[in-house]
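S.K.: One structure, pasted below without further comment.
The values are calculated or read from the model by the stated rules, or taken from the named source; none is laboratory data. All figures in this text were calculated on a predicted structure; none of them were measured in a lab. All Cβ positions, glycine included, derive from the backbone under ideal geometry; neighbour counts span all protein chains shown.
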Amino acid sequence: MTVTPAPGPVTGACPGAHGGPTPVPVTAYLDHAATTPLSPAARDAFVDELTRTGNPSSLHAAGRAARRTVEEARESVAAALGARPSEVVFTAGGTEADNLAVKGLFWGRRTTDPRRRRIVVSAVEHHAVLDPAFWMAEHAGAEIVLLPVDAEGRVDLAALRAEIAERADEIALISVMWANNEVGTLQPVPEVVQLARPHGIPVHSDAVQAVGQVPVDFAAIGLDAMTVSGHKLGGPVGVGALVARRDAPLTPVLHGGGQERGVRSGTLDAPAIRAFGVAVTEAVAHRAERAAHLAALRDELVAGVRERVPDAVLSGPEPGAHDDVDRLPGNAHFTFPGAEGDSLLYLLDSAGVQASTGSACQAGVPQPSHVLLAMGVPEADARGALRFSLGVTSTRDDVARLLDALPRAVERARAAGLASSPARTRVTSRPGGAA
């Protein structure tokens with residue numbers, strides 16, 4: 001899930017080639033789901049810790065100081081997420097945490113009970129969950145079960161109930177994300193846990209997009225493992241955590257120094273971890289007011305897109321009074337029939353609007369979003385998708401800039417599509433996706 005950070009809205013000037021000011025273009029940054037700016041408090045903590053030297057595993061004074069920094073951050077993360085400090089395992093980001101959850105839980109369960117071969121995941125999971133699951137199928141004898149979703153991207157609980165009723169003794173783990181990274185749909189994670197718990201099946205949830213936007217409480221939900229990432233909520237890139245119950249059967253994926261109670265070896269990045277702790281605390285403490293701000297901007301954006309491009313189709317649940325259980329407040333995902341998402345992306349970018357297609361490119365072949373296809377969106381329409389994701393630094397000016405540029409971009413993208421009509425290659429391999 002590591003994505004190169006992009007700036008928020010920027011204005012100002014910098015020295016030109018001859019010493020004079022060169023204008024910095026004003027941009028509307030609407031890709032906060034990919035990465036969001038480092039918060040000032042997290043930045044200050046990060047920079048301050050960078051001035052200190054010490055390996056948290058060393059026993060001398062500098063090492064003990066670094067260890068103290070790490071443990072204080074661990075306590076902060078745990079308090080913000082409703083967990084015990086001993087349940088927080090620091091990682092290098094969300095992708096590593098997801099890999100540790102999927103591979104670690106599978107190997108842990110399989111070791112004690114060889115019948116446990118099935119990995120149950122929703123069809124709309126992030127690559128960081130889907131790819132490890134399919135890797136386990138190719139290399140470790142796992143059997144993958146993809147849970148279907150409805151037209152809004154919500155997992156089919158009836159399908160999960162049937163799978164558990166028929167094959168409970170063979171299921172190693174279930175992984176269902178808290179919030180979808182593309183269309184913003186919130187999943188019924190509490191219900192998933194309730195279905196799995198009587199059968200002793202561990203449940204993991206990728207909560208990377210959820211923390212700071214909707215209420216997240218690890219203990220209250222009853223999860224066995226949960227993924228969090230720093231750069232999605234105002235922390236630095238390259239740090240995250242797997243929150244995991246002490247009794248979760250996790251087999252290590254990385255081996256070495258035995259850090260993080262032997263579950264995740266590797267020297268701990270004290271500056272990044274300190275900043276991560278600050279960012280998580282800040283994001284959760286201010287969640288309610290920030291969510292209200294994001295929802296108001298999103299509703300303005302959705303209404304404006306529908307007015308200017310009447311045939312645009314909003315993906316996921318309709319925004320409304322039940323955002324905490326339906327969709328992320330900062331997400332607006334549309335398909336634009338007749339337009340290629342990549343064309344729209346570049347046209348908007350040239351107009352100073354930064355967004356995301358939500359699609360992937362594998363082996364040079366553009367593919368429609370696996371999330372949209374799982375939701376039943378026709379492939380041709382799925383190719384014309386754009387995700388607009390808002391963050392703490394987003395403003396009404398950002399929304400206005402998008403709405404000003406969008407109609408012309410859609411018109412030009414549709415015209416380009418009609419003119420070129422390129423042959424398409426349909427790919428029917430396993431699901432793919434974007435950050």
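S.K.: Within region 265-281, can one find any residue that is over 18 Å from the mean Cα position of the chain (by Cα) and farther than 29 Å from Asp48 by Cβ?
M.R.: no
S.K.: Right, another one. Determine, yes or no, whether Ala291 is within 20 Å of Glu87 (Cα to Cα), modelled with pLDDT of 95 or more and of a type outside the set (D, E, K, R).
M.R.: On the way: within 20 Å of Glu87 (Cα to Cα): no; modelled with pLDDT of 95 or more: yes; of a type outside the set (D, E, K, R): yes.
No, not satisfied.
S.K.: Mind telling me which of the residues Ala158, Ala172, Ala196 ends up being touching a residue at least 40 places away in the same chain (Cβ under 8 Å) and either farther than 22 Å from Leu105 by Cα or surrounded by 23 or more Cβ atoms within 10 Å (Cβ to Cβ) (or both)?
M.R.: Sole residue among the options that is touching a residue at least 40 places away in the same chain (Cβ under 8 Å) and either farther than 22 Å from Leu105 by Cα or surrounded by 23 or more Cβ atoms within 10 Å (Cβ to Cβ) (or both): Ala172.
S.K.: Another question, then. Give region 372-394 a look and list any residue that's more than 29 Å from Leu233 (Cβ to Cβ) and in a loop (DSSP other than H, G, I, E, B), or say none.
M.R.: We begin by selecting, within region 372-394, every residue more than 29 Å from Leu233 (Cβ to Cβ); these are 376, 378-381, 383-384.
Within region 372-394, Gly376, Pro378, Arg383, Gly384 qualify.
S.K.: Another question, then. I need the full set of residues from region 100-130 which are part of a helix (DSSP H, G or I) and either touching a helix residue (DSSP H, G or I) at 6+ places or on another chain (Cβ under 7 Å) or under 28 Å from Gly277 (Cα atoms) (or both), in order please.
M.R.: Leu100, Ala101, Val102, Lys103, Gly104, Leu105, Phe106, His127, Ala128, Val129, Leu130
S.K.: Scan region 266-289 for residues that are buried (at least 22 other Cβ atoms within 10 Å of the Cβ) and of a type in the set (D, E, K, R) and report the count.
M.R.: Selection size over region 266-289: 2.
S.K.: Right, here's the next one. Quick one: in region 137-181, of everything that is touching a strand residue (DSSP E or B) at 6+ places or on another chain (Cβ under 8 Å) and small (Gly, Ala, Ser), which residue is farthest from Ala374 (Cα to Cα)?
M.R.: Ala172
S.K.: Does Leu146 fit the bill of being of a type outside the set (Lys, Arg), more than 21 Å from Asn99 (Cα to Cα) and assigned by TED's automatic domain parsing to the domain that holds Ala207?
M.R.: So Leu146 does not fit the description; no.
S.K.: Okay, moving on. Among the listed residues Leu250, Leu233, Leu242, identify the single one that is buried (at least 18 other Cβ atoms within 10 Å of the Cβ), under 24 Å from the mean Cα position of the chain (by Cα), in contact (Cβ under 8 Å) with a residue 24 or more places away in the chain and over 30 Å from Leu294 (Cβ atoms).
M.R.: Step by step, each of Leu250, Leu233, Leu242 is checked, and only Leu250 is buried (at least 18 other Cβ atoms within 10 Å of the Cβ), under 24 Å from the mean Cα position of the chain (by Cα), in contact (Cβ under 8 Å) with a residue 24 or more places away in the chain and over 30 Å from Leu294 (Cβ atoms).
S.K.: With the checklist (1) surrounded by fewer than 24 Cβ atoms within 10 Å (Cβ to Cβ); (2) modelled with pLDDT of 95 or more; (3) not charged (D, E, K, R) in hand, flag the one item Leu372 doesn't pass.
M.R.: (1)
S.K.: Restricting attention to region 299-323, report how many residues are surrounded by fewer than 15 Cβ atoms within 10 Å (Cβ to Cβ) and in a helix (DSSP H, G or I).
M.R.: The qualifying residues number 3.
S.K.: If you don't mind, another one. Just for strands (runs of 3 or more DSSP E) wholly inside region 1-99: which have at least 3 residues that are modelled with pLDDT under 95 and exposed (fewer than 14 other Cβ atoms within 10 Å of the Cβ)?
M.R.: Because the criterion is at least 3 residues that are modelled with pLDDT under 95 and exposed (fewer than 14 other Cβ atoms within 10 Å of the Cβ), the strands (runs of 3 or more DSSP E) in region 1-99 that meet it are 13-15, 21-23.
S.K.: Quick check on this structure: which one of Pro378, Pro337, Pro310, Pro329 is in contact with a Lys or Arg (Cβ under 9 Å, 6 or more places away or on another chain), more than 20 Å from Ala28 (Cα to Cα) and modelled with pLDDT of 95 or more?
M.R.: Values: Pro378 fails: in contact with a Lys or Arg (Cβ under 9 Å, 6 or more places away or on another chain); Pro310 fails: in contact with a Lys or Arg (Cβ under 9 Å, 6 or more places away or on another chain); Pro329 fails: more than 20 Å from Ala28 (Cα to Cα).
From the options Pro378, Pro337, Pro310, Pro329, the qualifying one is Pro337.
S.K.: I'd like to check something: does region 102-114 contain any residue that is of a type outside the set (Lys, Arg), closer than 26 Å to Ala207 by Cβ and under 18 Å from the mean Cα position of the chain (by Cα)?
M.R.: The answer is yes, given that some residue of region 102-114 is of a type outside the set (Lys, Arg), closer than 26 Å to Ala207 by Cβ and under 18 Å from the mean Cα position of the chain (by Cα).
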